[in-house]
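This report concerns only the one structure given below.
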Amino acid sequence: MTRDNAGFTIIEILVAIIVLTIGLLGLVSTAGLVTRMIGQGQRYTVASTLASERFEILRAQGCPAAGTGSETRGTYGITWTVTAVAGGKGRQIAAAVTSRTTRGTRTDNFTTTQLCP
């Protein structure tokens with residue numbers, strides 16, 4: 001008497017379901033991480049754009065007119081400080097851009113040095 005082995009056993013099906021479940025759980029956790037990283041990248045892009053705009057505004061104002069200050073743009077706060085360097089022949093500008101996140105606030109710091117004519 002021969003036995004027909006054409007089908008799967010219940011154990012093989014259960015093992016396949018467990019392996020598939022573990023793989024799907026790994027994908028779901030990775031998707032959450034990727035979503036958070038995309039959000040962080042977007043916030044950092046906006047922060048660096050705001051800092052770059054502030055640097056250009058201060059550069060256009062010239063060395064004597066530039067000063068320390070702050071402003072708010074939407075949900076972003078920008079604070080900048082100007083410090084003389086190289087015996088007054090240049091200045092260092094530090095900008096701090098603060099944004100709200102789901103875990104609180106985040107501050108990104110940017111610095112540039114400009115020569116004064």
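What follows is calculated from the coordinates using simple rules that are stated; it is not laboratory data. Since the model is a prediction, treat every value here as computed from it, not as a measurement. Reconstructed Cβ throughout: ideal geometry from the backbone, glycine too, with neighbour counts over all protein chains shown.
Name the longest site-free stretch of the chain, where the excluded sites are trypsin sites (Lys or Arg not before Pro) in a DSSP loop with no more than 10 other beta-carbon atoms within 10 Å.
Numbers: sites that count: 3, 103.
Answer - 4-102.
Are there chymotrypsin sites (Phe, Trp or Tyr not before Pro) in segment 8-87 that DSSP marks as loop and that have at most 16 other Cβ atoms within 10 Å, and which are they? Provide the component values of the computation, followed by the final result.
Working: sites: 8, 44, 55, 76, 80; in loops: 8.
Filter output for segment 8-87: 8.
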Exercise. Debye sum, Cα scatterers, the chain, no solvent: what log₁₀ I/I(0) at q = 0.09, 0.10, 0.14 1/Å?
Worked result: -0.46, -0.51, -0.72
Problem set entry | Over the chain, relative contact order from alpha-carbon pairs under 8 Å, at least 6 apart, % | 18
Seminar exercise, completed: Between the Cα axis of helix 10-61 and the main Cα principal axis of the chain, the angle (0 to 90°, nearest 10) is 10
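Show me the GluC sites (Glu not before Pro) within segment 24-98 that DSSP assigns to loop and that have at most 16 other Cβ atoms within 10 Å of their Cβ. Can you show the working numbers first?
On the way: sites: 53, 56, 71; in loops: none.
Sites meeting the loop and neighbour criteria: none at all.
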